[in-house]
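Chemist: There's a structure below that I have some questions on.
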Amino acid sequence: MNTARLVPFLLAGSAALALGAGSAHAASPLSLRHAALAPASAAAVAAQTSSNWAGYAVTDNGQAAATGAAPTTFSNVSGSWTQPAATCTRGSQAYSAFWVGLGGFADGSQALEQSGTEANCSATGKASYSVWYELVPAAPVTIKLKVLPGDSIAATVAVTGQSVSIRIANTTRNTVFTKTLTMTSPAPDVTSAEWIAEAPSTCDSRGGCSPLPLANFGSAAFTSATATGNGHTGTISDPAWTATAVTLQGTSGGLFRGRYASALPTASATPGPLSSDGSSFSVAWSQDAPAPASSPSPFPYGGGRWGR
């Protein structure tokens, strides 16, 4: 199909049965290093740079391999955030997304289950806001919930077998959306949990993708961040898993998962340190270079959107 779509994050192979089809690839992460961003009482926090993600992800800490126990898999991720306001400039389209999700972080991942909000800018300088969910590699689905800057959003994604449950609420307006869907090919990815602010991307019909300009969202504050892995529920800094802080570096950053083409956002986004209990952090936007006069349009749809 050649429908106009935004295509953030990683595209993958076969379709989720309930929602559609898509194809692409994932490659190796770049710029992995370690940084002491978490409290001393928590496990060390690793760090990566990215061309499109900013926030935190948690994964298995590798200790299971030494004991013969099953590696950590995640059945639930939850988090809240205050919907950021997009500051728009006439003549420059720009995009941003904020979400929680399961999967999509490992090399070669074929799926991602997520739900969140957007704050985008049109070419006329008008800001728009929306709510969505997505079971990658299927196309995203817009949710008919109103959201405006300053609204409090709470989202949960839960996986049991091939069943994926989405819950996202605008607690300011007392509105909520829930839905349970089935994924079969590929099966849901439960190897990671994430809390992310993102620069969406556009993909062509061959699966080649490039990040779009990142909207100036100021800052995004995530709170009440928890995940459940192997039946244990904890915050991002829980020593039961490994936490990774991901920084979106814009024009100076490497390509996250080796996936994108030459174009990179001209802005960056940096996650702050975790709160003392590991459940909260903020992501701050910053400008790298003057914004381009215009952004790619239309957006060829290459068979699905990955990670907003």
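The values are calculated or read from the model by the stated rules, or taken from the named source; none is laboratory data. Note that the structure is predicted; figures quoted are calculated from it, not measured. Because the Cβ atoms are built from the backbone with ideal geometry, glycine has one as well, and the counts that use them run over all protein chains shown.
Chemist: State yes or no: is ALA139 buried (at least 17 other Cβ atoms within 10 Å of the Cβ), touching a Leu at 6+ places or on another chain (Cβ under 7 Å) and among the hydrophobic types (A, V, I, L, M, F, W, C)?
Modeler: In short, yes.
Chemist: Right, GLY229: surrounded by 24 or more Cβ atoms within 10 Å (Cβ to Cβ), modelled with pLDDT of 95 or more, touching a strand residue (DSSP E or B) at 6+ places or on another chain (Cβ under 9 Å) and not hydrophobic (A, V, I, L, M, F, W, C) or not? Give the derivation first.
Modeler: Working: surrounded by 24 or more Cβ atoms within 10 Å (Cβ to Cβ): yes; modelled with pLDDT of 95 or more: yes; touching a strand residue (DSSP E or B) at 6+ places or on another chain (Cβ under 9 Å): yes; not hydrophobic (A, V, I, L, M, F, W, C): yes.
Answer is yes for this residue.
Chemist: Looking for something without any contact (Cβ under 8 Å) to a residue 60 or more places away in the chain and among the charged types (D, E, K, R) - is there at least one such residue anywhere in region 106-129?
Modeler: For region 106-129, residues without any contact (Cβ under 8 Å) to a residue 60 or more places away in the chain and among the charged types (D, E, K, R): present.
Chemist: Can you confirm whether region 77-86 contains a residue that is closer than 21 Å to SER192 by Cβ, at pLDDT below 95 and of a type in the set (A, V, I, L, M, F, W, C)?
Modeler: Within region 77-86, not a single residue is closer than 21 Å to SER192 by Cβ, at pLDDT below 95 and of a type in the set (A, V, I, L, M, F, W, C).
Chemist: Looking only at region 111-149, filter to residues that are assigned to a strand (DSSP E or B), aliphatic (A, V, I, L, M) and more than 24 Å from VAL190 (Cα to Cα); which one of those is farthest from the chain's Cα centre (by Cα)?
Modeler: Only one residue fits best here, namely ALA127.
Chemist: For region 43-61, which residues satisfy the criterion of being under 17 Å from GLY234 (Cα atoms) and not in a strand (DSSP E or B)?
Modeler: Within region 43-61, ALA43, ALA44, ASP60, ASN61 qualify.
Chemist: A further question on this structure: Closer than 26 Å to GLY278 by Cβ and surrounded by fewer than 21 Cβ atoms within 10 Å (Cβ to Cβ): is that true of THR156 in this structure?
Modeler: Yes: the conditions hold for THR156.
Chemist: Checking TYR129 against (1) in contact with a Phe, Trp or Tyr (Cβ under 6 Å, 6 or more places away or on another chain); (2) surrounded by 16 or more Cβ atoms within 10 Å (Cβ to Cβ); (3) over 20 Å from TYR56 (Cα atoms), which test does it fail?
Modeler: (1)
Chemist: Any idea which of ALA199, ALA243 is closer than 16 Å to VAL283 by Cβ, at pLDDT below 95 and touching a strand residue (DSSP E or B) at 6+ places or on another chain (Cβ under 8 Å)?
Modeler: ALA199
Chemist: Still on this structure, please answer the following. Which of the residues belonging to region 77-110 are assigned to a loop (DSSP other than H, G, I, E, B), closer than 30 Å to PRO186 by Cα and more than 12 Å from the chain's Cα centre (by Cα)?
Modeler: Across region 77-110, the qualifying residues are ALA106, ASP107, GLY108, SER109, GLN110.
Chemist: Separate question: I'm trying to understand the selection: among the residues of region 250-267, which are surrounded by fewer than 22 Cβ atoms within 10 Å (Cβ to Cβ), closer than 17 Å to ALA47 by Cα and either touching a Cys at 6+ places or on another chain (Cβ under 8 Å) or at pLDDT 50 or above (or both)?
Modeler: none
Chemist: Which one of the conditions (1) polar (S, T, N, Q); (2) surrounded by fewer than 14 Cβ atoms within 10 Å (Cβ to Cβ); (3) at negative phi does ASN174 fail to meet, given that it meets all the rest?
Modeler: So ASN174 meets the others, but not (3).
Chemist: Moving on to the next point. Which pairs do you get when a residue that is without any contact (Cβ under 8 Å) to a residue 24 or more places away in the chain and of a type in the set (Gly, Ala, Ser), found in region 50-78, comes within reach of a residue that is part of a loop (DSSP other than H, G, I, E, B) and surrounded by 19 or more Cβ atoms within 10 Å (Cβ to Cβ), reach meaning Cβ atoms under 9 angstrom, with the pair 6+ apart or on two chains?
Modeler: Taking only residues 6 or more apart or on different chains, the pairs are ALA64/THR72.
Chemist: From the list ALA65, ALA69, which residue is out of contact with any strand residue (DSSP E or B) (no Cβ under 6 Å at 6 or more places or on another chain) and assigned to a helix (DSSP H, G or I)?
Modeler: Exactly one of ALA65, ALA69 is out of contact with any strand residue (DSSP E or B) (no Cβ under 6 Å at 6 or more places or on another chain) and assigned to a helix (DSSP H, G or I), namely ALA65.
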